[in-house]
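The values are calculated or read from the model by the stated rules, or taken from the named source; none is laboratory data. This one's a predicted model, so the numbers in the text were calculated from it and none came from an experiment. Here Cβ is always computed from backbone atoms with ideal geometry, including for glycine, and neighbour counts include all displayed protein chains.
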Amino acid sequence: MKQQCALLVCVGLLGGSTPADLSPVDVDLELVLAVDVSYSMEIDEQRLQRQGYVNAFLQPALVNAIQSGAVGKIAVTYVEWGGSTVQVLPWTLIDGPGTAVQFADALRRQPMRRISFTSISNTLAFSRKLFQINPFQGRRRVVDISGDGPNNAGAPAPVARNATVAQGIVIDGLPIMLPRQDSASIPDLDAYYENCVIGGNGAFLLKVSDASDFANAILSKLIAEILGPKVSDLQRFALPLKRVDVRAGYNCFVGEEMQQAG
């Protein structure tokens with residue numbers, strides 16, 4: 001059972017107490033946006049990524065997707081991660097254009113940060129705790145995780161993935177595969193995310209292969225997550241989304257091996 005929290009700001013993270021009779025708020029979706037800010041991400045790329053999320057919450061198509069749900073509301077929190085994870089915006093109820101604009105504006109005003117190392121596993125563990133202490137009761141729970149490299153710190157990514165999926169949480173991926181040389185990245189990052197990171201009912205990934213793709217990719221991915229795993233026609237989005245059902249053999253320790261070799 002979730003610990004009780006004050007609405008919008010989880011006191012479990014900030015300290016303090018809550019009323020014992022506070023009931024969870026029903027929503028269609030509890031969504032953790034987990035955004036890579038590791039040093040392998042160039043600062044200009046981070047700005048494009050941040051702006052992509054800001055712009056997405058200003059789009060009528062996203063608000064329409066939210067209001068089309070059975071409840072017509074979602075709860076979302078924005079975290080940034082590298083080797084550690086920071087909750088940038090608290091859990092926030094979004095139920096229409098006004099609250100969506102407020103969320104976008106709050107995100108726009110946050111300072112940029114960079115965090116060393118890449119720990120997908122720590123991020124998933126952090127996200128699991130965020131679900132446990134938030135003041136919402138969602139019909140679905142999703143972690144939307146972006147990243148430009150494999151896990152190289154903390155527990156192996158598949159261990160964290162399995163623990164997360166076991167709690168009924170879906171993990172979707174946004175592998176960032178921009179055309180540059182970087183010792184922390186791998187050429188088949190989309191395959192790594194497919195085999196080692198994402199999971200759960202209806203899990204999917206959408207890769208970004210050019211900086212100009214960020215805005216469309218983020219908006220398309222968010223709408224698909226809000227609509228849920230029964231979306232029948234993924235191709236109607238601006239970029240192709242890939243559902244994953246069966247995993248093949250893959251070396252999920254490539255990031256750790258690269259870290260040891262370096």
Looking at segment 132-157, which of its residues are surrounded by 19 or more Cβ atoms within 10 Å (Cβ to Cβ) and more than 12 Å from SER119 (Cα to Cα)?
-> ASN134, PRO135, PHE136, GLY138, ARG140, ARG141, VAL142, VAL143, ASP144
From (1) within 18 Å of LYS221 (Cα to Cα); (2) at pLDDT 95 or above, pick out the condition that doesn't hold for GLN46.
-> (2)
Run down SER121, SER116, SER127 and say which single residue is more than 25 Å from GLY69 (Cβ to Cβ), of a type in the set (Gly, Ala, Ser) and touching a residue at least 60 places away in the same chain (Cβ under 8 Å).
-> SER116
Got at least one residue in segment 145-155 being without any contact (Cβ under 8 Å) to a residue 60 or more places away in the chain, of a type in the set (Gly, Ala, Ser), closer than 23 Å to MET41 by Cβ and assigned to a helix (DSSP H, G or I)?
-> no
Report yes if some residue within segment 3-12 is of a type in the set (S, T, N, Q), touching a Ser or Thr at 6+ places or on another chain (Cβ under 6 Å), modelled with pLDDT under 85 and farther than 22 Å from ILE226 by Cβ; otherwise report no.
-> yes
Hey, can you tell me all the residues within segment 72-128 that are of a type in the set (Ser, Thr, Tyr), farther than 20 Å from ILE43 by Cα and crowded, with 20+ Cβ neighbours inside 10 Å?
-> THR77, THR92, SER121, THR123, SER127
In the list LEU241, LEU222, LEU227, which residue meets the criterion of being within 16 Å of the chain's Cα centre (by Cα), crowded, with 22+ Cβ neighbours inside 10 Å and either closer than 20 Å to VAL35 by Cα or modelled with pLDDT of 65 or more (or both)?
-> LEU222
Counting only residues that are of a type in the set (A, V, I, L, M) and under 9 Å from LEU219 (Cβ atoms), how many does segment 49-70 have?
-> 3
Could you tell me whether ALA160 is assigned to a helix (DSSP H, G or I), at negative phi, touching a residue at least 12 places away in the same chain (Cβ under 8 Å) and in contact with a Leu (Cβ under 7 Å, 6 or more places away or on another chain)?
-> yes
Among THR92, THR99, which is the only one that is assigned to a strand (DSSP E or B) and within 16 Å of LEU29 (Cα to Cα)?
-> THR92
Cross-chain or 6+ apart pairs with Cβ under 7 Å, segment 202-230 first and on the phi < 0 side of the Ramachandran plot, then part of a loop (DSSP other than H, G, I, E, B) and of a type in the set (Gly, Ala, Ser) = ASN216/ALA238; SER220/ALA238; PRO229/GLY202
